[in-house]
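Input: a single structure, listed below in structure tokens.
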Amino acid sequence: MTERQFEHNVVPSSEFASVLPSLTAWQVENSTVQQERPEEIDQEFTILFEAAKEQVFEDGMESEFSKELISLVKKYGDAAMEVVADLITNERVNAEVASEALRWLGRMDHSTSYHFRRWLLERSLGCSSAMVRDGAALGLASLNDPHAILYLKQAILREEHAELCEDMEQVLVQLENAR
Amino acid sequence: MPFILRTIRKARWYKIEDVSWLEKGDVPADPLADLNTKANELSVWLIEDDRSNLNHVVTALAATRTHISNLDYALLDMQLLPELNIKVRHTTGGTPDEKANVSWHRDLVELSAFKVVELAKSILAKAERKRVPETEIRRLIIQAIASGRIEPTKLQESIRGKMGG
């Protein structure tokens, strides 16, 4: 990730920025991602997310979107995650599609992108759309990593939708039991 | 009185307060994605009034999927259906659980667009909307296989492969 992308695309600019996970530590540890990424990766993801607006998603069911998303993340690794993070955290894509993406990013098996995926899921708990926050919580439930406990607790305190709050609490209990 | 169960995505049903574009008495359109009819019919499941078959039905539904995942559902009092002028027909379900398919599957039939919207309004106002987490779904499917209710061969391979973890 370039310095410009880090400053302008991925770091949260909302009022929640101070309580959301920072990418800095992860980025320092992973200096190999400090490279320019080919433009076609951006295009592939933009087309993928745009086309997915026409799909109706169901929990637990693979879709053309989920299969292609996983395939691209595995193919391009962190360069792919930069693009996905930009699209979701800057809320440049349809909320339902973003939510679907987060569910599958939590579920997929791919160790090299793990930390970036976890960071994005934790960060997305602060998105303005309740649907996206729900997708983030479900992705974190699939990931089952207690690292997210702090961010979930903060998200629960901020959450205005009672039903979503209840669902986040369910995930929190799961992660606390996973410690 | 029994209930009808319909699988949903809870996030589509969050109540939106103070939405300027939504007229009084109207409902947002997103929930309708969970009420997609086929041949003007909608697949639902009957849940006994003591909810004794709730986990059984939830497990059967989860077993139809390609991956272990949370399962969200809406539970609506069946008594409300006549008020909405919605007819119910006993039909066979298509899950890997034969008992559930034969005993509890229903179709809401002769649905018009108006009736679907009225149903959505009832679900928004009166239904219980719940989530069964992924971890619980995994446990329920393992239990159903162990008790012989579900044949592992009827599950998608992607689910069978994850049952060990």
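The values are calculated or read from the model by the stated rules, or taken from the named source; none is laboratory data. This is a predicted model, so every value here is computed, not measured. Heads up, the Cβs are rebuilt from the backbone with ideal geometry, glycines too, and the neighbour counts pull from every protein chain shown. With ligands, DNA and RNA removed, areas are computed over all heavy atoms of the protein, side chains included. Shrake-Rupley method; radii C 1.70, N 1.55, O 1.52, S 1.80 Å.
For B:Ala113, work out the one condition from (1) open to solvent by 40 Å² or more (accessible area, probe 1.4 Å); (2) of a type in the set (A, V, I, L, M, F, W, C); (3) modelled with pLDDT under 95 it doesn't fulfil.
(3)
Give the number of residues within segment B:117-165 that are in a helix (DSSP H, G or I), among the small types (Gly, Ala, Ser) and open to solvent by less than 30 Å² (accessible area, probe 1.4 Å).
Of the residues in segment B:117-165, 3 are in a helix (DSSP H, G or I), among the small types (Gly, Ala, Ser) and open to solvent by less than 30 Å² (accessible area, probe 1.4 Å).
Only one of (1) open to solvent by 10 Å² or more (accessible area, probe 1.4 Å); (2) within 12 Å of another protein chain (Cβ to nearest Cβ) is not met by A:Asp59, so which one is it?
Condition (1) is where A:Asp59 drops out.
Residues that are open to solvent by 40 Å² or more (accessible area, probe 1.4 Å), closer than 26 Å to A:Gln55 by Cβ and within 12 Å of chain A (Cβ to nearest Cβ): does segment B:80-102 have at least one?
No: segment B:80-102 contains no residue that is open to solvent by 40 Å² or more (accessible area, probe 1.4 Å), closer than 26 Å to A:Gln55 by Cβ and within 12 Å of chain A (Cβ to nearest Cβ).
Pull out all pairs, ordered by first then second residue, where Cβ-Cβ is under 6 Å, the residues are six or more apart or on different chains, the first lies in segment B:1-27 and is within 14 Å of chain A (Cβ to nearest Cβ), and the second is part of a loop (DSSP other than H, G, I, E, B) and open to solvent by 40 Å² or more (accessible area, probe 1.4 Å).
B:Tyr14/A:His161
Would it be correct to say that A:Ala85 is open to solvent by less than 70 Å² (accessible area, probe 1.4 Å), of a type in the set (A, V, I, L, M, F, W, C), under 16 Å from the mean Cα position of the chain (by Cα) and more than 25 Å from B:Ser69 (Cβ to Cβ)?
no
Is at least one residue of segment B:44-64 among the acidic types (Asp, Glu), farther than 19 Å from B:Ser112 by Cα and open to solvent by less than 10 Å² (accessible area, probe 1.4 Å)?
Checked segment B:44-64: no residue is among the acidic types (Asp, Glu), farther than 19 Å from B:Ser112 by Cα and open to solvent by less than 10 Å² (accessible area, probe 1.4 Å).
Could you check segment A:88-120 and list, in sequence order, the residues that are closer than 19 Å to B:Lys162 by Cβ, assigned to a loop (DSSP other than H, G, I, E, B) and open to solvent by less than 60 Å² (accessible area, probe 1.4 Å)?
The answer is A:Met108, A:His110.
Output the number of residues of segment B:2-42 satisfying the condition of being on the phi < 0 side of the Ramachandran plot and either part of a loop (DSSP other than H, G, I, E, B) or open to solvent by 50 Å² or more (accessible area, probe 1.4 Å) (or both).
Residues in segment B:2-42 being on the phi < 0 side of the Ramachandran plot and either part of a loop (DSSP other than H, G, I, E, B) or open to solvent by 50 Å² or more (accessible area, probe 1.4 Å) (or both): 23 in total.
Hey, among the residues in segment A:63-79 that are acidic (Asp, Glu) and surrounded by 16 or more Cβ atoms within 10 Å (Cβ to Cβ), which one's farthest from A:Asn90 (Cα to Cα)?
A:Glu68
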